[in-house]
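Heads up, the thing below is written out as structure tokens.
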Amino acid sequence: MPQSIRVGDIEVVAVPDCVRDGPWSFAEAFPDVPPEEWPGIAERYPDTVAGDNWRARDHCFLVRTSDRTILVDTGIGPPGARVAEFLHPGGGRLLEELRSAGVEPGAVDVLVLTHMHFDHIGWNVSGPPDDPAPTFPNARYLLQRAEWDSYADDADPMGKPARDRQVRWLREAEVLDLLDGEREIADGVRLRLTAGHTAGSQSVEVRSGREVLLLSGDVANHPIQVRHPEHRSFADADPSAATTMRRTVFGAAERDSVLVGPAHFPEPFGRIVEGRWEPIRD
């Protein structure tokens with residue numbers, strides 16, 4: 001059952017798409033971590049390792065305000081999709097999990113794409129290759145223009161076909177909006193720029209009174225990066241900028257008692273306490 005929390009009057013539901021082992025080893029995914037630290041990491045974060053492989057969750061997030069239903073990211077996609085076959089052959093469960101939370105695809109008003117990596121866009125579009133359709137037919141899809149532009153010369157043999165179908169086709173269908181900076185998308189819900197992991201990464205801030213939650217996308221991929229922001233992810237487009245962003249985001253989250261919702265941690269919600277990730281469990 002999806003885990004949910006409340007930020008004042010706003011409900012936020014963590015919607016799991018999948019749990020996957022690999023296809024990258026822990027050493028490949030986090031190349032700056034000294035090998036002698038791996039046993040300690042496995043002991044402290046056992047749900048993030050599977051043998052030598054990195055075990056990752058793909059959390060999407062549902063944000064329900066008084067008049068908006070917002071979905072943040074769409075995971076790896078359905079069984080049979082090329083990306084799903086590569087990452088997790090069983091495919092993702094996003095639509096099933098959304099329905100268990102009482103939400104049909106047509107109820108989503110706004111769909112925020114934190115960035116264009118293929119494990120965040122997989123359910124954007126459905127249907128056969130010659131007759132695609134938006135999976136969320138009544139939603140406006142929101143992406144930063146800097147992110148779109150950064151993939152103008154995309155040549156990744158796995159990522160380009162996924163982005164052609166799951167993002168670029170949305171632009172052709174006139175349901176994708178390219179944004180230039182931060183924006184309020186609902187009462188208490190604002191897009192924040194958090195570039196580094198990719199050139200146009202964005203996060204979603206949910207605020208009600210003194211309560212704040214930041215759905216941080218891939219600012220960090222593993223809890224060790226909270227304590228050690230210098231431990232880059234192999235997918236960081238700009239490792240230096242990504243390190244600086246982690247320090248900024250997590251430093252502010254600890255100082256201001258902000259809840260954080262990362263995309264790939266074992267637990268979808270937590271706080272930063274004394275420079276460490278402290279999850280909130282059911």
- Task: Hey, could you check the stretch 127-165 for residues that are touching a Ser or Thr at 6+ places or on another chain (Cβ under 8 Å) and either polar (S, T, N, Q) or without any contact (Cβ under 8 Å) to a residue 24 or more places away in the chain (or both) and say which is nearest to L71 (Cα to Cα)?
- Result: T135
- Name the residues in the stretch 19-43 that are over 25 Å from R271 (Cβ atoms) and open to solvent by less than 10 Å² (accessible area, probe 1.4 Å), would you? R20, G22
- Message: Pairs needed: first member in the stretch 106-121, among the basic types (K, R); second member anywhere, modelled with pLDDT of 95 or more; C-beta distance under 6 Å; at least 6 residues apart or different chains.
- Response: none
- Would you mention how many residues in the stretch 24-40 are within 23 Å of D119 (Cα to Cα) and without any contact (Cβ under 8 Å) to a residue 60 or more places away in the chain? 3
- Query: Residues of the stretch 233-275 being open to solvent by 70 Å² or more (accessible area, probe 1.4 Å), over 17 Å from the mean Cα position of the chain (by Cα) and farther than 25 Å from V13 by Cβ, which ones?
  - Reply: D238, S240, T244, R247, T248, R255, E274
- Query: Quick one: is V110 under 26 Å from A199 (Cα atoms) and in contact with a Pro (Cβ under 7 Å, 6 or more places away or on another chain)?
  - Reply: no
- Hey, could you check the stretch 70-88 for residues that are touching a residue at least 12 places away in the same chain (Cβ under 8 Å) and not in a loop (DSSP other than H, G, I, E, B) and say which is surrounded by the most Cβ atoms within 10 Å (Cβ to Cβ)? V72
- Task: Name the residue, out of A241, A253, A195, that is in contact with a strand residue (DSSP E or B) (Cβ under 7 Å, 6 or more places away or on another chain), closer than 27 Å to R55 by Cα and without any contact (Cβ under 8 Å) to a residue 60 or more places away in the chain.
- Result: A253
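Are any residues in the stretch 89-102 outside any loop (DSSP other than H, G, I, E, B) and surrounded by 15 or more Cβ atoms within 10 Å (Cβ to Cβ), and if so, which ones?
Of everything in the stretch 89-102, those that are outside any loop (DSSP other than H, G, I, E, B) and surrounded by 15 or more Cβ atoms within 10 Å (Cβ to Cβ) turn out to be L94, L95, E97, L98.
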- Task: Search the stretch 66-83 for residues being modelled with pLDDT of 95 or more and of a type in the set (A, V, I, L, M, F, W, C), and hand back the single one that is farthest from N53 (Cα to Cα).
- Result: I70
- Restrict the check to the stretch 221-232 and report whether at least one residue is open to solvent by 30 Å² or more (accessible area, probe 1.4 Å), at pLDDT below 95 and of a type outside the set (F, W, Y). no
- Of the conditions (1) open to solvent by 60 Å² or more (accessible area, probe 1.4 Å); (2) among the hydroxyl-bearing types (S, T, Y); (3) touching a Pro at 6+ places or on another chain (Cβ under 9 Å), the single one that T48 does not satisfy is (1)
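The values are calculated or read from the model by the stated rules, or taken from the named source; none is laboratory data. Computed from a prediction, not measured in an experiment: that's the story for all the values here. So basically every Cβ, Gly included, is an ideal-geometry build from the backbone, and we count neighbours across all protein chains shown. Just so you know, the surface numbers come from the protein's heavy atoms only, side chains and all, with ligands and any DNA or RNA stripped out. Shrake-Rupley method; radii C 1.70, N 1.55, O 1.52, S 1.80 Å.
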